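All of the numbers you see were taken from the coordinates with simple rules; none came from a lab. The structure presented is a predicted model; accordingly, all values stated were derived computationally and were not measured. Methodologically, a virtual Cβ is constructed for each residue, glycine included, from the backbone with ideal geometry; neighbour enumeration extends over all protein chains shown.
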Amino acid sequence: MLLKRILAVSVAAVLMVGCARHAEVVNVYSGRHYQADERLFREFTEQTGIRVNLVKANSDQLLNRLEMEGERSPADIIITADAGRLIIAKEKGLLQSIDSEKATQLVPSHFRDSENFWLGFTKRARVIIYPKGRINPSELDSYESLTGDQWNGRVLVRSSQNHYNQTLMASVLAAHGEKGAENWARGIVNNMARNPIGNDRDQIKGIAAGEGDVAITNTYYIGLMLNSVNREEREVASQMGVFFPNQNDRGTHVNISGIGITANSPNYKNAVLLTEFLLADQAQNVFASENYEYPVNPNVEWPELLKSWGEFKSDTLPLHNLGEFIHQAMITFNNAGWE
Amino acid sequence: MIKKLKGFSTPIRIRNYFNGWMGISLLVCLAVAFPLMVIFGHLFKTGDSSWQHITTNLLPAYTINTLILMGGVALLVTLIGVSTAWLVSMYKFPGRRVFQWLLVLPIAIPAYILGFTWVGMLDYTSPAYVFLRNNFGVETGQFLFFNILSMPGAIIILSLSFYPYVYLLARTWFMQQSASILEAGYSLGHKPLSVFFRIALPLSRPALVAGVSLALMEVLNDYGLVNYFGVDTFTTGIFSAWFAFGSPVSAIKLSGYLMIFVLILLMAERMDRGNRRYDSVGSQFRPLRQKELNRLNGFLAMITVMLPILLGFVLPVSMLIYWSIQTSHLAFDHRFLSLLKNSFLLASLAALAVISISVLIGFTVRTFPSRMARFMTRFATIGYAIPGAIIAVGLLVPFIWIDNQLARITGSAGGIIITGTWFTLVFAYTVRFMAVGYNSIESVMTKTSVSLDEASRSLGMSNRNTLFKVLIPIIHPGILAGALLVFIDVLKELPLTLILRPFNFDTLAIRAFEFASDERVPEAAPASLVIIFVGLMAVLLLRKTLKKQGYVHHP
Amino acid sequence: MSIILSAKNLTKTYPGNKYRSLINFNLNVEKGQITALLGESGCGKTTALRIIAGFESAEKGEVIINNRVMANDRLFTEPNDRGVGIVFQDYALFPHKTVWKNIVFGLNKLSKSEQQSVAEKVLSLTGLKGYEQRYPHQLSGGQRQRVALARALAPNPGVLLMDEPFSNIDSMKKNQIREEIREILKAAGTTVVFVTHDTKDVLAIADRVAVMKEGVLMQEGTPKEIFNHPANEYIAHFFGKTNVFQGNADENGKVASEIGVFNLPEGKDFGENVSISVRPNSFLVHTTERRGTVQVLVKKRIFMGEYTELICSIQSGSEAGMDLFVHVSSDFQATNDHLWLEVEEKNAWLMDLH
């Protein structure tokens, strides 16, 4: 009978669980879900004999799970694709200091926690994308300049639910205070070409379709589109220019993917080794060439694509200082009516 | 002939208020409902500062959006589901036999994949738009025809995705109606359309309500699609509270309100239904005979039935196949087989768990009906409306507690024993999908005369033997149908799997999601296709099962 | 004769109902007898049956079968331990089992060979030989009923309960099937209680009948007793057509009415107002005026085959305007539309007003 067969298989499946214990492991909760990451983890295992156990999920949920599991959590490392989440994790006491000179010295100080509770390992710049030929980059200046009347009905940007926008807002709050940030958000809302819909790619396609003229997106997506399997998408991306805003003042907002070691890490030593591995040249090269992210390790040479967008000045405000603004970001968005 | 003498008697008070069946069912219900009760318990926690902000600034608009979305989807799934079910049940037209099964297919496609796919089919760089633009100069903004990333777009996609629930139940229902009821309508001078609206539609209400409420609960727990489509719903509010305001407490509290809302909705329907009955009482059963349609009407019927199949299945799947061919070199690596195995095993286990519990509870309620038992089952089945991510939180509370106790007893210092195992996942799916399994079991049980159980009892069988020797053999097609629905649902499930899975554990749905959430929809296509393919196998099995369901008890 | 089944003071209120479905119900059934519970739907007859079977529990009262207490306020015996057989209204044949499997279903405590011989026996008793391997859906309605009967009889139950046994049978075949069933039951020597709303069922097969209304057992006796001597107007009407006149009793036990003066039976006292029931075939019909008759006008003649039904209305007096049913032989010829009706003392049944 079918039921019996299912029962037998299920018992076997339950028994399978809990087997296969490795001598040396490091357990990772990751909010990133790239295949490149997993390949690097396998590489790490080959080099060190330490097995990497991985759970990938939404970073907020992972933090929540970590918090609930408390001191018995199996997790050693938490990885997120957004600095804001790591700041919150530190506030909640979920992390501990990463005690590795080798790792920390590779990360510029404004891309890591002041006490090294977390380290950034890749960077993404939130830039202004414009159609080459249709817009002259000299018309562009800063995030703030997009609130000017000349951009009325021309700005494309996604919803405030998005983490990248929230961290961007935190940096604007740091620069201009609550009042100023709210005015900036209002200005952007006024100039929006349409309600914020879709993802970063949709903003870029919106330019191609003529729905708007500039889009606030991450450089990373242009990289993805230029390497898309869809010829038309590559075509669209190739027509776009990348403009790094605020070069004349605080610099372009940059977010990081970061790594932290959990407060109760059962395999601390291995966690440190993995952290060092991710910051070393080999891994940094992979992030840059396959994921189109900027490496934090200054010794690593950029691939051609990143070079083609040019050098830029990034916001020098230490990311860990955004902590005090991250909670205000959503409220300011709401007050300004940014959906 | 034999003389039966021996037997035993139980004290009557105990029989009336408590027995083994009720005890075990109650325990199971409590276990399943526990995560929900954790969520419920948060209602009484005081909200933090973000709670204040969310409830005053966001919720009013989000709630209105949710109601619009629900209304739109309810209307559209009813329209599509009932009209197609009516056409294939009542009329003969070319392809009817094939269409009546094709109509179920969209159920195999996860809603968020359908959404991503349709956006990919209509957006600026889609083959269709590129073709029309380059050859005919069609320019309709970023999307072909209309802005699909909108409320109407979300309503259409969600309806295409969920109408099969209504269709399936309505069709089975129509098939079970005695022809005489409808003929009575015709003989009283009503035109076919009027018979449809005045007899068939009201008569199919239990099926309709069951189908629409499944669809609406799916709508309520959806986050991926509405988020991408930029429609801020109550569920967006829940996740906004959590992810943007960093307040899980507010998120769970909001989910508690969502639960109350769903409970009230379900209860209201029950009360309104009251004592009305919808099965044909005492009438001699005569199966429907399909009427031949003339050529024009047959053609129109065919178009009507083909439209949802085309939009909900054929076109999106073709697109997915096109993308899969483009990206096959990336997708089919050595781990693909293990994804398939994980998905399949997990879905089978969950189906088994849900169905066993549903049969147990269903039989208990049937044999020892009481108000409390009915309330317990209602409560244990509302998990379907709660976003998976929130159920995960409610579930982690008791599981981590148990883990801590286990660790204390065994004196082990390290780690978590049951959290993050297959067991956790299967339990979570049970909480989430009880409604799917239980509703199928309940409906097939109500269709089966209680006198069969009583006959067995009077012939000397215990309740347990009655269940296994009489009831289960009779309703097994319904049991299998319920199991397959759960199987398909688990196959598509995402948020629970994401957060509760063991280390190094991936499923097809996760693989598809990871690409899609990275805005790499074509790369997500192969995994999506395999989900759909496995789902299709289940649908085929479902078809065989439903065919057998003609084999039910008619007096 | 020994009493096999005894129900004492059964009272039942279903949860959520305001009224009681069964009130102080008492019934004794002797061995080998066929007893009918008769009444309109909702009168409590099915409730009584279900309490006896053990599918419901009474809040008060006692059920005794074969001198064993099956249920009272302290004990409850599960239906599977009561030794009670049941034939359901919808027959409840197991659709996934053949006729043979249905019949041996209740014999699982017997050895294979015993099962064989018992099943053979009931099959031949019910005339189902040759149908063993059929499935229920391959049988006619009457055959299904006989399978249900055979299945219930096979374990040799102390009491056989039947719920509306003839309601699903074509009216053309009803008489024949009633006869068949009665023969099977009598041949098996089974004690039977069945529930029905049709007096024809009762008259055809019951040895005794209990008439119920609104949860109360109103009268119990042989069908003949109840037909001839209904306890009240309700029962009188229930058992076929009748004409009910109003009478006034005086202190001497004389009851005066439009249709004549009658003596109250010994020991009966219904108070001042008495109902008098006269069956349509019990009138003496005169074509000329006589003393002690009531004059009626014939409004309608209906030819019924063996007899003709006249619908007449009373022209004057306290019952003026009342319609009467009068049955006369089919060759009755009346010259005009006026008739005078008379009732002999033995054909007038005096009873309680309600």
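Helix C:141-153 and the longest principal axis of the C-alpha atoms of chain C enclose an angle of approximately 60°.
With +1 assigned to the C-beta of every Lys and Arg and -1 to the C-beta of every Asp and Glu, and no other charges, what is the dipole magnitude of the protein assembly as shown about the Cα centre in debye, to the nearest 20? Mind showing how you got there, number by number?
Details: 116 positive and 105 negative charges, 801 e Å.
Its charge dipole is roughly 3840 debye.
Would the stretch C:1-126 count as rounded, prolate or oblate if I go by the C-alpha gyration tensor, calling it rounded below 1.5 in a/c and otherwise prolate when a/b exceeds b/c, oblate otherwise? In terms of gyration-tensor shape, prolate. As a length-normalised measure over Cα pairs under 8 Å and 6 or more apart, the relative contact order of chain C settles at 16 percent. Working note: 222 nm ellipticity from helices only, DSSP H runs with n ≥ 4, each -39,500 (n - 2.57), summed and divided by the residues of chain B, gives -23000 deg cm²/dmol to the nearest 500. Using +1 at the Cβ of each Lys and Arg and -1 at the Cβ of each Asp and Glu in chain B, identify which of B:Ser343, B:Ala509, B:Gly115 lies farthest towards the dipole's positive end. Result: B:Ser343, furthest along the dipole toward the positive end. Partners of A:Lys269 within straight-line reach, counting lysines whose Cα lies under 17 Å from its Cα and excluding those fewer than 8 residues away in the same chain: A:Lys102.
For the stretch C:209-264, the Cα-based Rg and Dmax, in that order, read 13.3, 36 Å.
Can you list the trypsin sites (Lys or Arg not before Pro) in the stretch C:1-109 that are in a DSSP coil and have 15 or fewer other beta carbons within 10 angstrom?
On the way: sites: C:Lys8, C:Lys12, C:Lys18, C:Arg20, C:Lys31, C:Lys45, C:Arg50, C:Lys60, C:Arg68, C:Arg74, C:Arg82, C:Lys97, C:Lys101, C:Lys109; in loops: C:Lys18, C:Arg20, C:Lys31, C:Arg74, C:Arg82, C:Lys97, C:Lys109.
Of the trypsin sites (Lys or Arg not before Pro), the ones in loops of the stretch C:1-109 whose Cβ has at most 15 other Cβ atoms within 10 Å are C:Lys18, C:Lys31, C:Arg74, C:Lys109.
Could you give the Stokes-Einstein D for chain B in µm² per second, using the C-alpha Kirkwood radius, 4 °C, 1.567 mPa s? It diffuses with D of about 51 µm²/s by this estimate. Taking every alpha-carbon pair within the stretch C:241-351, the share separated by more than 17 Å comes to 53 percent. Principal axis extents of the Cα atoms in the stretch A:126-230, from largest to smallest and rounded to whole angstrom, are 43, 28, 24. Rounded to the nearest 10 degrees, the angle from helix C:171-188 to the longest Cα principal axis of chain C is 60 degrees. Given 4 °C and 1.567 mPa s, how large is the Stokes-Einstein diffusion coefficient of the stretch C:141-206 in µm²/s, with Rh as the Kirkwood radius over Cα pairs? It diffuses with D of about 107 µm²/s by this estimate.
What lysines does C:Lys109 reach when the alpha-carbon gap must be under 22 Å and sequence neighbours fewer than 8 apart in one chain are set aside? Of all the lysines, those that pass the test against C:Lys109 - Cα under 22 Å, at least 8 places apart if same chain - are B:Lys3, B:Lys4, B:Lys6, B:Lys469, C:Lys97, C:Lys101, C:Lys121.
Peptides B:294-302, A:93-101, A:56-64, ordered by how many other C-beta atoms sit within 10 Å of their residues on average, highest first, read A:56-64, A:93-101, B:294-302. Across the options A:Pro137, C:Asn67, B:Leu496, the greatest Cα extent toward the positive end of the charge dipole of the protein assembly as shown (unit charges at beta carbon of Lys, Arg, Asp, Glu) belongs to C:Asn67.
For chain C, the C-alpha radius of gyration sits at 1.19 times the compact-globule guess of 2.2 N^0.38 Å, with N the residue count.
For chain B, what does the relative contact order come out to in percent, with C-alpha contacts under 8 Å and a separation of six or more? Display every interim value, and only then the final one.
Working: 694 pairs, mean separation 123.9, N = 555.
Result for chain B is 22 percent.
Projected onto their three principal axes, the Cα atoms of the stretch C:73-175 cover extents of 47, 36, 24 Å, largest first.
Could you order peptides B:350-360, B:150-160 by the average number of other Cβ atoms within 10 Å of their residues, highest first?
Details: B:350-360: 24.2, B:150-160: 22.5.
The most tightly packed comes first, giving B:350-360, B:150-160.
Shape descriptor for the stretch A:247-295: Rg over Rh equals 1.12 (Cα atoms; Rh from the Kirkwood inverse mean 1/r). Here the label points at C:Asn17 and B:Phe145, each 7 Å from Cα along the C-beta direction, are separated by 5.7 nm in the simple model. Averaging 1/r over every pair of different alpha carbons in the stretch B:318-386 and inverting the result gives a Kirkwood radius of 15.8 Å. May I ask for the distance between the Cα centers of the stretch B:60-138 and the stretch A:49-126, given as a whole number of Å? A separation of 42 Å, based on Cα centres.
Hydrodynamic radius of the stretch C:301-353 by the Kirkwood approach over all distinct alpha-carbon pairs: 13.0 Å. Per-residue shielding of B:500-507, expressed as the average number of other chain Cβ atoms within 10 Å of the residue Cβ, stands at 5. Could you tell me the ratio Rg/Rh of the protein assembly as shown? Both radii from Cα atoms, Rh via Kirkwood. Rg/Rh: 1.11. Sorted largest first, the principal axis extents computed over the alpha-carbon atoms of the stretch B:425-475 equal 42, 20, 13 Å.
Quantify how strongly other chains surround peptide A:197-207 by giving the mean number of their Cβ atoms within 10 Å of each of its Cβ atoms.
6
Name the residue farthest towards the positive end of the dipole of chain B from the options B:Ile479, B:Leu75, B:Tyr384, assuming +1 on Cβ of Lys and Arg, -1 on Cβ of Asp and Glu, about the Cα centre. Working it through, the farthest residue towards the positive pole turns out to be B:Ile479. The Cα center of the stretch B:434-456 and the Cα center of the stretch B:314-382 differ in position by 21 Å. Per residue, the convex hull around the alpha carbon atoms of chain A comes to 170 Å³. Take each peptide in C:154-166, B:427-439, count the other Cβ atoms within 10 Å of every residue, and average; sorted highest first, the result is B:427-439, C:154-166.
Counting, for every residue in B:122-128, the Cβ atoms of other protein chains within 10 Å of its Cβ and taking the mean gives 6. Over the stretch B:61-156, the reciprocal of the mean inverse Cα-Cα separation, the Kirkwood hydrodynamic radius, stands at 16.0 Å.
Which value, in debye to the nearest 20, describes the size of the charge dipole of chain A about its Cα centre when Lys and Arg Cβ atoms bear +1, Asp and Glu Cβ atoms bear -1, and nothing else is charged?
Numbers: 33 positive and 40 negative charges, 190 e Å.
Around 920 debye, computed over chain A.
With the simple model of a label 7 Å out from the Cα in the direction of the Cβ, C:Arg290 to B:Asn294 spans 7.3 nm. Measuring from centroid to centroid over Cα atoms, what is the spacing of the stretch A:174-228 and the stretch C:50-114 in Å? Using only Cα atoms to place each centre, the spacing works out to 75 Å.
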